[in-house]
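The block underneath contains the structure these notes are about, expressed in structure tokens.
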Amino acid sequence: MKFPEVRMRRLRSTPALEEMLSETIIKPSDFILPLFFNEMITKDTPVPSMPGVSNHPLSGYEDLAHGIKNNGVSSVLVFGIPATKDKEGSQAYDYDGVSQKAIRGIKENSDLIVIADLCMCEYTDHGHCGIVKDGNVDNDQTLTQYGKIAVAQAEAGADMIAPSGMMDGQVGVIRKALDDAGFCNIPIMAYSAKYCSAFYGPFRDAVASSFGNNSRSAYQMQCGNRREAMHEIELDVSEGADIIMVKPASSYLDIIREARNRFDTPIAAYQVSGEYSMIEAAAINGWIDGKRAMMESLLSIKRAGSDMIITYYAERVSRELALWRR
Ligand code: PBG
């Protein structure tokens, strides 16, 4: 059958019908809010390239968590910005490292789900995601560090560990380190298909990564590769990843969809800093409707097949969804 018997517009005639026929639903529990804790500040400090996003000090956890919960968000992804950096990124696994302090602070003052981002780039003086040897990031030496970091984060109270460094074998090594330390129930959310992306620009500003003009192309994926992403995901699943991730999100919706079709593992997508800042910049200039663009971008990422979305919009979108429902 076709026109004139078929008229697609019949089912688009009222908002109520539209709601009945919506195929994709986003809800507050889909969203994970990234949080930046900076050891060198005493009050919230805005990130210039990310309007509406701040660095937080290592204090005031109760108010911070309360505000987040009040907006309907129940999980956060913690990043730390240390006062001192060194070659080995030793603050990443120090008992008193910024990330461990922040994790303890949130867990002691709230029931938020705390996911710990596990990487070394915020902690190394060269800004790479691992130990550098002969000008290159040494994969296997870095894995030893990752194991130590995972255990330190779990001991601090993290509910989940999210390795983002793209070292080969990282999921397996972290799984073993956690199990050996008695944390067999702590899940791993693996940044499996992480692309070497220009959209991380504002994040590097936010975490004061001393990276300069270096490139992570020796460990992050090149943006045109789709089959390689499936291979990465397959390896992470076989090493014990509980959740896999595609990052960034909006330019990689095809990767999310293909992963959804091929794997039954839950999928997270990371709407990264540049994706957020582009929408915000255009909205601030009056070039697009920021609220609608936010909703559309998140709905699209969910429609592509992700189960959860890490986004700087987590609080704002959850507030909007609560208003809609009323
Ligand atoms: C690095 C890391 C990055 C992000 C999260 N973890 C960036 C990078 O690889 O430079 C990006 C997050 C964002 O852009 O919002 N471990």
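The values are calculated or read from the model by the stated rules, or taken from the named source; none is laboratory data. Bear in mind the structure is a predicted one, so any value in this text is a computation, not a measurement. A quick note on method: Cβ atoms are made from the backbone with ideal geometry, for glycine too, and the neighbour counts reach across all protein chains shown.
A few notes on this one:
- Restricted to the range 25-67, and to residues there that are of a type in the set (Asp, Glu) and part of a loop (DSSP other than H, G, I, E, B), the residue that is surrounded by the most Cβ atoms within 10 Å (Cβ to Cβ) is 39.
- Within the range 288-307, the set of residues being surrounded by fewer than 17 Cβ atoms within 10 Å (Cβ to Cβ) and within 15 Å of residue 319 (Cα to Cα) comprises 291, 292.
- Residue tally, condition under 24 Å from residue 180 (Cα atoms) and either at pLDDT below 95 or surrounded by fewer than 24 Cβ atoms within 10 Å (Cβ to Cβ) (or both), over the range 131-144: 7
- Close Cβ contacts (under 6 Å, 6 or more residues apart or on different chains) running from residues in the range 252-281 that are without any contact (Cβ under 8 Å) to a residue 60 or more places away in the chain to residues that are of a type in the set (Ser, Thr, Tyr) and not in a strand (DSSP E or B) comprise 256/306; 267/306; 269/306.
- Count - residues of the range 131-155 that are over 11 Å from residue 88 (Cα atoms) and in contact with a His (Cβ under 7 Å, 6 or more places away or on another chain): 1
- Single condition residue 150 does not satisfy, out of (1) touching a residue at least 40 places away in the same chain (Cβ under 8 Å); (2) within 16 Å of the ligand (Cβ to nearest atom); (3) more than 15 Å from residue 128 (Cβ to Cβ): (1)
- Unmet requirement for residue 204, which otherwise passes all of (1) within 12 Å of the ligand (Cβ to nearest atom); (2) surrounded by 21 or more Cβ atoms within 10 Å (Cβ to Cβ): (2)
- Test result for residue 21, surrounded by 16 or more Cβ atoms within 10 Å (Cβ to Cβ) and either over 18 Å from residue 101 (Cβ atoms) or modelled with pLDDT of 95 or more (or both): no
- Residues in the range 216-234 that are touching a residue at least 40 places away in the same chain (Cβ under 8 Å) and not small (Gly, Ala, Ser) were compared, and the one that is nearest to residue 266 (Cα to Cα) is 233.
Rundown of residues vs (1) hydroxyl-bearing (Ser, Thr, Tyr); (2) within 15 Å of the ligand (Cβ to nearest atom); (3) surrounded by fewer than 24 Cβ atoms within 10 Å (Cβ to Cβ); (4) farther than 26 Å from residue 322 by Cα, yes/no style:
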{"site": "71", "(1), (2), (3), (4)": "no, no, yes, no"}
{"site": "80", "(1), (2), (3), (4)": "no, yes, no, yes"}
{"site": "96", "(1), (2), (3), (4)": "no, no, yes, yes"}
{"site": "104", "(1), (2), (3), (4)": "no, no, yes, yes"}
{"site": "111", "(1), (2), (3), (4)": "no, no, yes, no"}
{"site": "125", "(1), (2), (3), (4)": "no, no, yes, yes"}
